[in-house]
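Read the structure below first, then the notes.
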Amino acid sequence: MRKILAITDIHMRSHGRTIIGLNPLTQFQNALSHAHKNHPDAEHLILMGDLTHSGHIDEFKMIKDAIVDYPIPITFMLGNHDRRDNFATVFPNIAMTPTAHLQTRIDLGDDVILCLDTLDGPPYPQHHHAGRLCADRLNWLTDQLKTCAHKRVSIFMHHPPHDVGFAGMDAIKLQNPTDLFTITENHPEIRHVFAGHIHRTISGHTNGVGFTIFKSTCHQMPMTLDADDSSLSVPEPAAYGIILLTPDSIIAHSEDYELAIQPDGPTSDALPD
Ligand SMILES: [Fe+2]
């Protein structure tokens with residue numbers, strides 16, 4: 001069994017600025033610390049976009065400083081709050097595709113993880129938060145799949161390509177889902193889609209593919225399905241994802257690490273005989 005970790009929607013802010021009273025840096029550091037302590041056997045960490053709240057260079061630098069000592073390989077993804085040029089300025093050694101998108105392939109034995117870049121831009125119109133996969137990025141995906149026929153593929157993307165039932169978030173999902181599902185329908189080796197963006201734990205099945213969406217390490221989406229406002233936030237417990245890859249299964253756990261801090265370790269609820 002192989003284990004990878006997934007952290008999404010960090011929303012880093014500089015100068016101690018908070019989001020509904022939560023400090024994104026502290027939240028992220030606590031997630032990293034908890035994951036490191038409890039999952040030293042994890043092989044890889046994927047940061048699934050919305051690394052920053054405003055896409056500023058100083059925010060990306062804070063991400064870089066926070067992960068400097070993390071002992072396993074880290075793959076970066078971008079979300080609608082990020083800016084590709086500023087990311088590249090702070091992380092000049094992170095490889096982009098030939099078309100300058102942040103898309104990455106991770107090979108883990110019989111499993112292949114393909115991380116897509118759904119940030120729509122440049123340009124980056126103000127208040128535009130929907131995602132898109134342009135022809136260049138879709139062609140990259142198709143090229144990668146040419147060597148995955150006998151593999152088991154998981155796709156990671158910041159924006160879900162499907163509705164999740166939150167009216168406000170469904171309006172800013174991936175804007176060209178049919179282009180992606182045309183590919184997944186022709187590639188049964190694609191077994192699962194992992195996403196962020198919604199700030200809530202959600203799982204299901206769509207267009208023949210299973211999906212899992214992880215919570216943010218900072219603010220969460222309230223359970224108000226009919227609300228049109230995509231910026232609604234509540235300070236519910238933060239989480240990160242733990243993904244287990246076995247010969248038979250792709251298993252996704254969501255760890256509410258703020259609730260899981262138990263100084264004395266877990267206790268049994270077993271009644272005495
Ligand atoms: Fe986000």
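Within the stretch 81-98, the set of residues being touching a helix residue (DSSP H, G or I) at 6+ places or on another chain (Cβ under 9 Å), more than 16 Å from the ligand (Cβ to nearest atom) and not hydroxyl-bearing (S, T, Y) comprises N86, V90, F91, I94, M96, P98. In the stretch 213-233 there is no residue that is hydroxyl-bearing (S, T, Y), touching a Lys or Arg at 6+ places or on another chain (Cβ under 7 Å) and within 16 Å of the ligand (Cβ to nearest atom). Residues considered: F166, F194, F214. Of these, the only one that is of a type outside the set (S, T, Y), under 21 Å from I20 (Cβ atoms) and under 16 Å from the mean Cα position of the chain (by Cα) is F214.
Kindly indicate whether any position in the stretch 218-239 is out of contact with any Pro (no Cβ under 8 Å at 6 or more places or on another chain), in contact (Cβ under 8 Å) with a residue 60 or more places away in the chain, surrounded by fewer than 18 Cβ atoms within 10 Å (Cβ to Cβ) and of a type in the set (D, E, K, R). Yes - at least one qualifying residue is present in the stretch 218-239. Output yes when any residue across the stretch 65-80 is hydrophobic (A, V, I, L, M, F, W, C), closer than 30 Å to T147 by Cα, away from the ligand (no atom under 16 Å from the Cβ) and open to solvent by less than 10 Å² (accessible area, probe 1.4 Å), and no when none is. No.
Is it the case that some residue within the stretch 70-83 is among the aromatic types (F, W, Y) and within 16 Å of the chain's Cα centre (by Cα)? Checking the stretch 70-83: at least one residue is among the aromatic types (F, W, Y) and within 16 Å of the chain's Cα centre (by Cα).
Among the conditions (1) within 16 Å of the ligand (Cβ to nearest atom); (2) in contact with a Ser or Thr (Cβ under 8 Å, 6 or more places away or on another chain); (3) open to solvent by 10 Å² or more (accessible area, probe 1.4 Å); (4) not in a loop (DSSP other than H, G, I, E, B), the only one that L25 does not satisfy is (2).
Consider F87 carefully, then state whether it is under 19 Å from I250 (Cα atoms), of a type in the set (F, W, Y) and open to solvent by less than 40 Å² (accessible area, probe 1.4 Å). Criteria not met by F87.
Using the structure shown, decide if D179 is charged (D, E, K, R), over 28 Å from R2 (Cβ atoms) and either buried (at least 18 other Cβ atoms within 10 Å of the Cβ) or over 19 Å from the mean Cα position of the chain (by Cα) (or both). Answer is yes for this residue.
Inside the stretch 102-122, can you point out the residues that are closer than 19 Å to G79 by Cβ and of a type in the set (A, V, I, L, M, F, W, C)? Across the stretch 102-122, the qualifying residues are L102, I106, I113, L114, C115, L116, L119.
Summed over the stretch 178-210, residues that are touching a His at 6+ places or on another chain (Cβ under 6 Å), more than 16 Å from the ligand (Cβ to nearest atom) and of a type outside the set (V, I, T) total 1.
The values are calculated or read from the model by the stated rules, or taken from the named source; none is laboratory data. Everything numeric in this text was worked out from a predicted model, so none of it was measured. Methodologically, a virtual Cβ is constructed for each residue, glycine included, from the backbone with ideal geometry; neighbour enumeration extends over all protein chains shown. Surface areas here come from the heavy atoms of the whole protein model, side chains and all, with no ligands, DNA or RNA. Shrake-Rupley method; radii C 1.70, N 1.55, O 1.52, S 1.80 Å.
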